[in-house]
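I have placed the structure first, in the form of structure tokens, so that the comments after it can refer back to it.
The values are calculated or read from the model by the stated rules, or taken from the named source; none is laboratory data. Predicted model only: the values in this text are computed from it and were never measured. Virtual Cβ from ideal backbone geometry, glycine too; neighbours counted across all protein chains shown. In case anyone asks, the SASA skips ligands and DNA or RNA and just uses the protein heavy atoms, side chains included. Shrake-Rupley method; radii C 1.70, N 1.55, O 1.52, S 1.80 Å.
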Amino acid sequence: MYGLVILSLGLFLGIAVASAAVRAPNKAAKLAAVIAGVVIFLLGAAFSSVRYVGAEEVGIVKKNALGPSLTGGRIIATEGEMGIQADVLSPGWHFGLWPVIYDVSTQSLIDIPGDQVGLVEALDGDALDSGQLFAPEVPEAEFKQMVESASYFLSNGGRKGPQSNVLTPGKYRVNTSLFRVTFAEQTDVPSA
């Protein structure tokens, strides 16, 4: 949202400064006013593309223009299509996310307390096989990589629906548009 404000402000100020060229006393002053107006607009355009993601946040990117539409019932874009992008923004400054083309929202990291686990449901991916209630279990390290990289999940056979694996206590950088995580109390089952 603020990117659009900065872009509009740069455009307004650039036009205002460039229009001063009409009242300039000589050609050099007219040229200087036009150049200053163009520079102000370009600076506004450049600064409007900058987004910041905090240390305890993840940036979710939605592409609004300049790409094909999603097909096949997909809700997450992996190949530059319009829609919510699979890859998330890590903490720090990010450039080139032009307003109107991209929207960026920030979400808090998924923080699972020590006495709980995270139950994961994927909202996109390959369909479960007939009769399956949960996606097949995968090795724990691979599951964590799949959850923290939506493009990896979607391109490596990730299944839509409840996942057999759970997230253990800790913080996770998750695309919350793809994965819904609910917390559940851990239960200790004594042996024998």
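List of remarks:
- When residues in segment 149-176 are screened for being open to solvent by 30 Å² or more (accessible area, probe 1.4 Å) and part of a loop (DSSP other than H, G, I, E, B), 8 of them pass.
- Segment 92-130: number of residues that are loosely packed, with under 14 Cβ neighbours inside 10 Å and over 22 Å from VAL166 (Cβ atoms): 6
- Whichever residue in segment 177-192 is polar (S, T, N, Q) and open to solvent by 90 Å² or more (accessible area, probe 1.4 Å) and, among such residues, is nearest to the chain's Cα centre (by Cα): THR187
- Some residue of segment 70-82 being more than 18 Å from SER177 (Cβ to Cβ) and either surrounded by 15 or more Cβ atoms within 10 Å (Cβ to Cβ) or touching an Asp or Glu at 6+ places or on another chain (Cβ under 9 Å) (or both): no
- Scope segment 17-64; condition open to solvent by 20 Å² or more (accessible area, probe 1.4 Å) and assigned to a strand (DSSP E or B); matching residues: TYR52, GLU57, LYS62, LYS63
- Checklist (1) part of a loop (DSSP other than H, G, I, E, B); (2) farther than 30 Å from LEU43 by Cβ applied to VAL100, failing item: (2)
- When segment 97-149 is filtered for residues that are more than 25 Å from the chain's Cα centre (by Cα) and closer than 20 Å to GLU56 by Cα, the ones remaining, listed by number, are GLY114, GLN116.
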